[in-house]
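Colleague: I'd like to ask you about the structure that follows.
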Amino acid sequence: MMGCVVKPQPIRYGEAGCHSCKMTIVDKRYATQIVTSKGKAYSFDAVECMINFMLEGGVSIDEKTLLLTNVFSGKEELFPVSEVVFLRSPDLPSPMGMFLTPFKKESHLIDSLNQRENKIYQWDELVKDFTNLPVLKEP
């Protein structure tokens, strides 16, 4: 008997709808995905939607569940959230308006952008603080 394959699934940009807000996923810099331990993939247009989906109990998360995100480079490549940091900056509006932009941890862009009101979050910290994040506005 074959087991379920737990791996990232292709996101159909411009066609697929976000599993949380139902908007069409178009921006490759912000798309995220949850792949359950049974191999079911849920795609989102931004990390905000993925976290909301998780907090609302939209999926059961266990040690085999993959939590993935694209990064600001815009390539169609999903990375585990543990390999990414999320920059919260009023200079980079995200699709759902919480100004959260994913970068690979070693990205040199983070240093140049980490100024003013900007804050860098690791995944666990972001999920923990998510519902209490203050409102940001574009400059």
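Colleague: Filter the stretch 56-70 down to residues that are touching a strand residue (DSSP E or B) at 6+ places or on another chain (Cβ under 9 Å), among the polar types (S, T, N, Q) and not in a strand (DSSP E or B), then give me how many there are.
Modeller: 2
Colleague: Name the residue that is nearest to GLY97 (Cα to Cα), counting only residues in the stretch 29-55 that are part of a loop (DSSP other than H, G, I, E, B) and touching a Phe, Trp or Tyr at 6+ places or on another chain (Cβ under 6 Å).
Modeller: In the first step, residues of the stretch 29-55 are kept if they are part of a loop (DSSP other than H, G, I, E, B); the result is 29-31, 36-40, 45-46.
With the extra rule that they be touching a Phe, Trp or Tyr at 6+ places or on another chain (Cβ under 6 Å), the set shrinks to 29, 46.
Details: ARG29: 14, ALA46: 9 Å.
Checking each candidate, the answer is ALA46.
Colleague: So, of the residues in the stretch 79-88 that are in contact with a strand residue (DSSP E or B) (Cβ under 7 Å, 6 or more places away or on another chain) and more than 21 Å from GLY14 (Cα to Cα), which turns out to be surrounded by the most Cβ atoms within 10 Å (Cβ to Cβ)?
Modeller: VAL84
Colleague: Residues to consider are GLU56, GLU63, GLU76, GLU106; find the one that is surrounded by fewer than 13 Cβ atoms within 10 Å (Cβ to Cβ), among the charged types (D, E, K, R) and under 25 Å from GLY14 (Cα atoms).
Modeller: Details: GLU56 fails: under 25 Å from GLY14 (Cα atoms); GLU63 fails: under 25 Å from GLY14 (Cα atoms); GLU106 fails: under 25 Å from GLY14 (Cα atoms).
None of the other options fit; the residue is GLU76.
Colleague: Moving on. Of the conditions (1) at pLDDT 90 or above; (2) surrounded by fewer than 16 Cβ atoms within 10 Å (Cβ to Cβ), ASP91 fails just one. Which one is it?
Modeller: All conditions pass for ASP91, except number (1).
Colleague: Somewhere in the stretch 82-94, is a residue closer than 23 Å to LYS137 by Cα, of a type outside the set (Gly, Ala, Ser) and touching a Pro at 6+ places or on another chain (Cβ under 6 Å)?
Modeller: Narrowing the stretch 82-94 to residues closer than 23 Å to LYS137 by Cα: 85-94.
From the residues that got through so far, the ones that are of a type outside the set (Gly, Ala, Ser) too are 85-88, 90-93.
Filter again for touching a Pro at 6+ places or on another chain (Cβ under 6 Å), leaving 86, 90.
Looking for residues that are closer than 23 Å to LYS137 by Cα, of a type outside the set (Gly, Ala, Ser) and touching a Pro at 6+ places or on another chain (Cβ under 6 Å), one finds at least one in the stretch 82-94, hence yes.
Colleague: Among the candidates GLN122, GLN115, which residue alone is loosely packed, with under 15 Cβ neighbours inside 10 Å, farther than 15 Å from TYR30 by Cβ, at pLDDT 80 or above and not charged (D, E, K, R)? Reasoning before the result, please.
Modeller: Working: GLN115 fails: at pLDDT 80 or above.
Within the list GLN122, GLN115, the selection yields GLN122.
Colleague: Going by what's in this entry, would ILE51 be described as among the hydrophobic types (A, V, I, L, M, F, W, C), closer than 17 Å to PRO80 by Cα, surrounded by 15 or more Cβ atoms within 10 Å (Cβ to Cβ) and in contact with a helix residue (DSSP H, G or I) (Cβ under 7 Å, 6 or more places away or on another chain)? Explain how you work it out, then say what you get.
Modeller: Details: among the hydrophobic types (A, V, I, L, M, F, W, C): yes; closer than 17 Å to PRO80 by Cα: yes; surrounded by 15 or more Cβ atoms within 10 Å (Cβ to Cβ): yes; in contact with a helix residue (DSSP H, G or I) (Cβ under 7 Å, 6 or more places away or on another chain): yes.
In short, yes.
The values are calculated or read from the model by the stated rules, or taken from the named source; none is laboratory data. Values in this document were obtained by computation on a predicted structure and should not be read as measured data. Neighbour counts are summed over all protein chains in view; Cβ atoms, including those assigned to glycine, are modelled from backbone coordinates with ideal geometry.
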